[in-house]
1. Per 0.36 nm of contour for each residue apart, how much would the distance between Ala314 and Ala217 grow if the chain were fully extended, relative to their Cα-Cα spacing?
2. Highest first, please rank the peptides 361-368, 321-328 by the mean number of other Cβ atoms sitting within 10 Å of their residues.
3. Using a cut-off of 13 Å between beta-carbons, work out the net charge of the residues near Ala305 (Lys and Arg +1, Asp and Glu -1, Ala305 not included).
4. What shape does the stretch 128-275 have by the C-alpha gyration tensor, where a ≥ b ≥ c are the square roots of the eigenvalues, rounded means a/c under 1.5, and otherwise prolate means a/b greater than b/c and oblate the rest?
5. 5 Å is the cut-off here: which amide hydrogens, built 1.01 Å from N in the peptide plane, fall below it relative to Phe167, excluding neighbours closer than 5 in sequence?
6. Test of understanding: extend the Cα→C-beta vector of Val228 to 7 Å, then name every residue of the stretch 176-198 with backbone N under 17 Å from that spot.
7. Where Lys and Arg each count +1 and Asp and Glu each count -1, what net charge lies around Gly65 among other residues with Cβ under 12 Å from its Cβ?
8. Using the Karplus curve 6.51 cos²θ - 1.76 cosθ + 1.60 with θ = phi - 60°, work out ³J(HN,Hα) for each residue of the stretch 151-162 in order, rounded to whole Hz, and write x for Gly and Pro.
Amino acid sequence: MSRMKDLQKSLFGGTTSNARQFGMIFTLVAIVLLFQFLTNGLTLNSGNLISLVSQYSYILILAIGMLMVIVAGHIDLSVGSIAAFVGIVVAKVMQEYSVPWFLAILIGLAVGALIGAWQGFWVAYVGVPAFIVTLAGMMLFRGGNQFIGNADTIPVPEGFRFIGSGFLWEVGPDTGYNNLTLLLGLAACAAVVIREWRLRRTRREMEAEVAPMWISALRVAVALGVIVYVTLRFAGGRVGTSFPVSGIILAVLVLAYSFITRNTAGGRHIYAVGGNARAAELSGVKLRRVNFFVMMNMSVLAALAGMIFVARSAASGPQDGLGWELDAIAAVFIGGAAVSGGLGTISGSIVGGLVMAVLNNGLQLMGVGSDRVQIIKGLVLLLAVALDVYNKNQGRTSITGAFMRQFRRQAAVGPAPTAETGSAPAKTPVAS
């Protein structure tokens, strides 16, 4: 019994035996295993995993920006239209003005930043609710897409397609696997081991309780097993495929924004504004600057997501981006963000997005019609949020809170609170 309590405390943050309280990560694993059985092994097939990352990376990129918007207490309904608008602008400048593809990407990001500055100005400095501003933006930039592109499809050059449909190159000796993907997996394994070692060392230096070695070994072994399995799946696909470039872009963004929200003052200010805007302002937080930043940042990420989608589709069209904002919002709320703001994590949003992606992909593999897929996805979103709200109202650990508690405990060892987990000392306005 003692070992079981130690296991729950160290691996899952001391939650109860109820599996729902171990977090959305367990829901994701359960869905994957279920569809692996129902599709006769197609879900974890190398080709399907590669396709899954390629198809849904742009939605997960949107979820990163949407998480910050929702944490700050806003909502953005324009991301799909912005993505489509930037996509058509980039396709046009490459086709009509022979702009090199790498320069066109910079132009697309600049257009996204200008759009974000426009919307951020109305939200932060004029005081118009973000819902209204972005609803107007949704119509404005959807119309702009069709006006600039004349409601036509515009192809993009081969070099540009690499960011959306490219893979890690084949280098080195013939091992039967993609060697760069193997190296990427090896780096991930090393990061897990180093992180666990640094955590134990830090806790010893702080004279805090250190988990038994066998628990740390079990935690590392499970993580390494998952990484090795996934790495071999991606590296062992058909010749010419490997881990997608869009997946690399997504991974870099997840690491960067996780650091920003956890370890920077600006990240903590976003959570402070969402938790209690008035208290945050009285504490010295620049309220307008924070609101301007989250809206502008969202538009830049929407521009990037739009370019990745156009690159994968090899063309920009008038139907691009339809419903993307709903998928991104669903990913964030399934990942545990609070409707009222102030609470949510980058990692939780990615897990929420993966739940929706695997659900959508698995139903398609089973031949379920698109109408029923939408119904099921809507029910999953409603039930996930309702269950989390119910647990909080009953005084129980919420689903996402249970999943992230181990990270809050680890963060508590350090000298400063982490914004992503929402922890804060008593005199800090950051919402917990």
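The values are calculated or read from the model by the stated rules, or taken from the named source; none is laboratory data. Quantities reported herein were computed from a predicted structural model and do not represent experimental measurements. So basically every Cβ, Gly included, is an ideal-geometry build from the backbone, and we count neighbours across all protein chains shown. Heads up: the accessible areas ignore ligands, DNA and RNA and are worked out on the full protein's heavy atoms, side chains in. Shrake-Rupley method; radii C 1.70, N 1.55, O 1.52, S 1.80 Å.
1. So the chain would gain 30.3 nm between Ala314 and Ala217.
2. Final packing ranking: 321-328, 361-368.
3. Residues close to Ala305 contribute a combined charge of -3.
4. oblate
5. Val245
6. Counting only backbone N, you get 177, 182-194.
7. Residues close to Gly65 contribute a combined charge of -2.
8. Coupling constants for the stretch 151-162: 6, 10, 9, 10, x, 10, x, 4, x, 5, 5, 4 Hz.
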